[in-house]
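Undergrad: Please read through the structure below; I'll follow up with questions.
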Amino acid sequence: MANKSFNIAPYVNFVCPFSKERILRIDVWGNSQQPSPSQLQPIVDDANPNHLRVGNPDLKQSFTTRFRLRYNDYNKVTQRTIVLNMGMNFKQNSIANRTEYIEEGVQKTMPINVNGVCDGYFNFMYSMPLNPYFRLSSYTTGNYSRGISFLSDKDVLGEKSISNEMRLYERLRVTYTNEWLEVGIKSLIRYNTAKYSLQSNMNVNAFDISNGGNVEIRFPKDITLSLDYDYNFKTGYTDGFDRPQHLLGAQFNVSVFKKKQGTISLKGFDLLNQRISVSRVVLSNYIEDIAYSTQPRYFMLQFSYRFNYFARQK
């Protein structure tokens, strides 16, 4: 029997132009997602005899209400820039898989509807010149998600597990610039936390911190030399992944040809040969630390040519 659902999806588009440079936008809308045929059909899929899958004919369509806010503010006089974006998604009748053990060594999975799943995000950018030579910029972003899954073993039948995950990111930078020199100092912090209602031993509190800076020197005849340095360290990861890193890169550019349309660049990457790449995947029922193989210290010679074409006016 086909299930009937009734959802109200209001669409709101609100724009408030305080001025040409300062605008607020708000959007509210909704959309639905139908279950797939395999999720609805009450037919047992026994392709894997130890893990049976069966559809749920009582499954309802999921419905998501979305909210988004955007704000832009630019001051021409002070050259200050503010950008804010944020949004939230609330899901009704979200589809999750529930697994139960029906006999020794055999489990059965069925999709069911759950409520209480949501996620959101925000990002905020601020840039402001402190004087003709110094500029301060800040970029902050974050996201949050609340997920639901079902944990089962031979003694427990599909007990609900609620996960709450949040990630925050902040990048702060101060730059000094004149005709022949640019110097920048930066600090970057990433924070990742996850909490589980059933498996507290999987809770996460991890930091990725990077401090460093860059220098660019502009010589006569369109020659530039730049250096970039970062000191990275991590806390809260699996043992062996918290090793600090000193990352140093360099680049030397020379402009060639009469109109300076060509550029020859010599770039050096990871000159101290210390880079390692680690990421953490956090989902509603597991956490995975991943170490990637990275390219060791290397150099690259590059040539680029800029084409300028202007149509002749008739």
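Undergrad: Within the stretch 202-221, track down each residue that is open to solvent by less than 50 Å² (accessible area, probe 1.4 Å) and not in a helix (DSSP H, G or I).
TA: Within the stretch 202-221, V204, A206, D208, I209, S210, G212, G213, N214, I217 qualify.
Undergrad: On to the next question. Among R80, R98, which is in contact with a strand residue (DSSP E or B) (Cβ under 8 Å, 6 or more places away or on another chain) and closer than 22 Å to Q39 by Cβ?
TA: So the residue among R80, R98 that is in contact with a strand residue (DSSP E or B) (Cβ under 8 Å, 6 or more places away or on another chain) and closer than 22 Å to Q39 by Cβ is R98.
Undergrad: Within the stretch 57-70, can one find any residue that is under 30 Å from F134 (Cα atoms) and either in contact with a strand residue (DSSP E or B) (Cβ under 6 Å, 6 or more places away or on another chain) or part of a strand (DSSP E or B) (or both)?
TA: Scanning the stretch 57-70, I find at least one residue that is under 30 Å from F134 (Cα atoms) and either in contact with a strand residue (DSSP E or B) (Cβ under 6 Å, 6 or more places away or on another chain) or part of a strand (DSSP E or B) (or both), so the answer is yes.
Undergrad: A follow-up question, please. Return yes or no: is T78 out of contact with any His (no Cβ under 6 Å at 6 or more places or on another chain), in a loop (DSSP other than H, G, I, E, B), of a type in the set (S, T, N, Q) and touching a residue at least 40 places away in the same chain (Cβ under 8 Å)?
TA: Here the answer is yes, as T78 does meet what is asked.
Undergrad: Y237 - would you say it is modelled with pLDDT of 85 or more and surrounded by 16 or more Cβ atoms within 10 Å (Cβ to Cβ)?
TA: no
Undergrad: Within the stretch 41-96, which residues are open to solvent by less than 70 Å² (accessible area, probe 1.4 Å), within 28 Å of K108 (Cβ to Cβ) and in contact with an Asp or Glu (Cβ under 8 Å, 6 or more places away or on another chain)?
TA: L52, V54
Undergrad: With (1) modelled with pLDDT under 90; (2) part of a strand (DSSP E or B) as the list, and N48 as the residue in question, which single condition is left unmet?
TA: Tallying (1) modelled with pLDDT under 90; (2) part of a strand (DSSP E or B), N48 fails exactly one: (2).
Undergrad: Considering every residue within the stretch 17-38, establish whether at least one is within 30 Å of E104 (Cβ to Cβ), free of Cβ contacts under 8 Å to residues at least 24 places away in the same chain and surrounded by fewer than 15 Cβ atoms within 10 Å (Cβ to Cβ).
TA: Checked against the condition, which is being within 30 Å of E104 (Cβ to Cβ), free of Cβ contacts under 8 Å to residues at least 24 places away in the same chain and surrounded by fewer than 15 Cβ atoms within 10 Å (Cβ to Cβ), the stretch 17-38 yields at least one hit.
Undergrad: Further question: Counting residues that are open to solvent by less than 40 Å² (accessible area, probe 1.4 Å), closer than 30 Å to K76 by Cβ and at pLDDT 90 or above, which strands (runs of 3 or more DSSP E) fully inside the stretch 97-201 reach at least 1?
TA: Answer list for the stretch 97-201: 117-129, 134-151, 159-177, 181-196.
The values are calculated or read from the model by the stated rules, or taken from the named source; none is laboratory data. From a predicted model like this one, the values you see are computed outputs, not experimental measurements. Because the Cβ atoms are built from the backbone with ideal geometry, glycine has one as well, and the counts that use them run over all protein chains shown. Accessible surface is based on the protein model in full, side chains and every heavy atom, while ligands, DNA and RNA are left aside. Shrake-Rupley method; radii C 1.70, N 1.55, O 1.52, S 1.80 Å.
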